[in-house]
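The block underneath contains the structure these notes are about, expressed in structure tokens.
The values are calculated or read from the model by the stated rules, or taken from the named source; none is laboratory data. Remember, it's a predicted structure, so these values are computed and weren't measured experimentally. With ligands, DNA and RNA removed, areas are computed over all heavy atoms of the protein, side chains included. Shrake-Rupley method; radii C 1.70, N 1.55, O 1.52, S 1.80 Å.
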Amino acid sequence: MKVIISVLALFLTLQGYSQPAPGHNAVIVAETPVHCLNEAEKELASAINAYRNMNKLAPVPLSVSLSQVARLHVLDLSANHKIGSRCNMHSWSSDPRWSSCCYTDDHRRASCMWDKPRELTSYTGDGFEIAFYSNHDYASERDFALDALEGWKSSRGHHELIINRGKWKTADWKAMGVGVYDGYAVIWFGEVPDPEGVPAGCSDE
């Protein structure tokens, strides 16, 4: 059975639910100054910006800081998130590196998300996260990325955030972070440019 969960910054959608999960062999570099994207992360960032281009929107620059937050979060979700829990995928576990929270569908703990980039990095702006999970055995990292994007496109809230419509019409995304690990994918958007710059596409050496 294939399991897919897709979650937006201010919306939660359950779409349906299968394993080796994309990004599972990710090099864990979240503690290092320069964030290296794994192949699944590169594919997902490319898919997001290609879709924005189709909608005559500028690409969102990749961000070292937001990608570091994204990588930490997918590692945390892989280790601690329980599918079907009242604490959705914007939640963070108990860990000395960050403040924990159970993010529920009423968004009462929304500041837990917005504040994470400032809490974990030098990034000064708010962070807005969309999240996706699938345990399907994909043929490639690109297939996973495209499935995640299709899942977000099928949700009005996700779709509007990605292409600046609806409540996000006036948002001017200046930074994007991407994290993929063990079937979890998150994208972080911010309106403040990241002084840390763009993450590198690092080799396995």
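3J(HN,Hα) couplings calculated from phi for region 91-96 with the Karplus curve 6.51 cos²θ - 1.76 cosθ + 1.60 (θ = phi - 60°) are, in sequence order, 6, 10, 6, 6, 7, x Hz; Gly and Pro show x. With Cα atoms as the point set, region 80-171 shows a radius of gyration and Dmax of 14.9, 38 Å. Measuring nothing but protein heavy atoms, the accessible surface of region 49-172 at 1.4 Å probe radius is 49 percent carbon and sulfur.
Put the Cα centre of region 105-120 next to the Cα centre of region 156-205 and the gap is 16 Å.
With the cut-off at 22 Å, tell me which of the pairs K82/K167; K42/K169; K42/K82; K42/K167; K42/K174 have Cα atoms farther apart than that. Over 22 Å Cα-Cα: K82/K167; K42/K169; K42/K82; K42/K167.
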